[in-house]
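Asker: Take this structure first; my questions come after.
The values are calculated or read from the model by the stated rules, or taken from the named source; none is laboratory data. Being a predicted model, the structure only gives us computed values, none of them experimental. Counting neighbours? That spans all protein chains shown, and the Cβs are built from the backbone with ideal geometry, glycine included.
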Amino acid sequence: MLKVWGLIILTGVLILVFPDIKTTIVLIIALILMAFGLNGIIPYHVAKRWIKVKGTIEVIKEHVEEVWDQQYSATSYYYPLVKYIYNYDGNNYKNDRVSFEKQNIWTDGINLWGDKLPESDKPWHEWVEGKEIDVYINPKTPQESVLIPFLAKKRRSHHLALILSGVIVFVLWMLLK
């Protein structure tokens, strides 16, 4: 979100400094917003054609990352760090990619009522070292794999909001032309 606000402020400054090219700047902003949104969605769409094979978890740890929402407030997000092995076409592979972006799987550990999220609600709650899991692999490059190839609803709305913002700015550009 900070990147978007920075982009908006930069746009305002550029339009004030270079009023002759304001329509070009607005077009560039629209294209950047749409590119950010599409860049987040495309890997998940491509992974729909990947093959599911069985793998085994070698190492799993829960990682905590603090993200500062405001000057005095941070939210802790939890997500798994996983190393796993799998076999495809007689070859063994190792990877540590759980999803295409950690924000797709992380949780703040709090449910809708503000209570601590039960361990059983975390998508990885059943993952333990030695457990057999589904691994989705790119058949063209089998060393490319992921454990969760699906885009979470909350993350999908984020990317769609960026695309929609870009479309709105593009419409504004059309009106300014």
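Asker: Return the residue satisfying two criteria in turn: it lies in region 72-87 and is among the aromatic types (Phe, Trp, Tyr) and surrounded by fewer than 18 Cβ atoms within 10 Å (Cβ to Cβ), and of such residues it is farthest from Tyr44 (Cα to Cα). Even if it seems obvious, please write down each step before you answer.
Answerer: Residues of region 72-87 that are among the aromatic types (Phe, Trp, Tyr), as a first pass: 72, 77-79, 84, 86.
The next check asks that each one be surrounded by fewer than 18 Cβ atoms within 10 Å (Cβ to Cβ); those that pass are 72, 77-78.
Values: Tyr72: 35, Tyr77: 22, Tyr78: 21 Å.
Result: Tyr72.
Asker: I'm trying to understand the selection: among the residues of region 26-71, which are surrounded by 12 or more Cβ atoms within 10 Å (Cβ to Cβ), over 20 Å from Leu117 (Cα atoms) and of a type in the set (D, E, K, R)?
Answerer: Glu58
Asker: Could you tell me whether any residue of region 142-160 is more than 30 Å from Leu31 (Cα to Cα), surrounded by fewer than 18 Cβ atoms within 10 Å (Cβ to Cβ) and charged (D, E, K, R)?
Answerer: no
Asker: Restricting attention to region 117-131, report how many residues are at pLDDT below 85 and of a type outside the set (Phe, Trp, Tyr).
Answerer: Total satisfying the criteria: 8.
Asker: List the strands (runs of 3 or more DSSP E) inside region 1-115, counting only whole elements, that have at least 1 residues being aliphatic (A, V, I, L, M), modelled with pLDDT of 85 or more and farther than 21 Å from Leu162 by Cβ.
Answerer: Ranges flagged: 51-70, 73-88.
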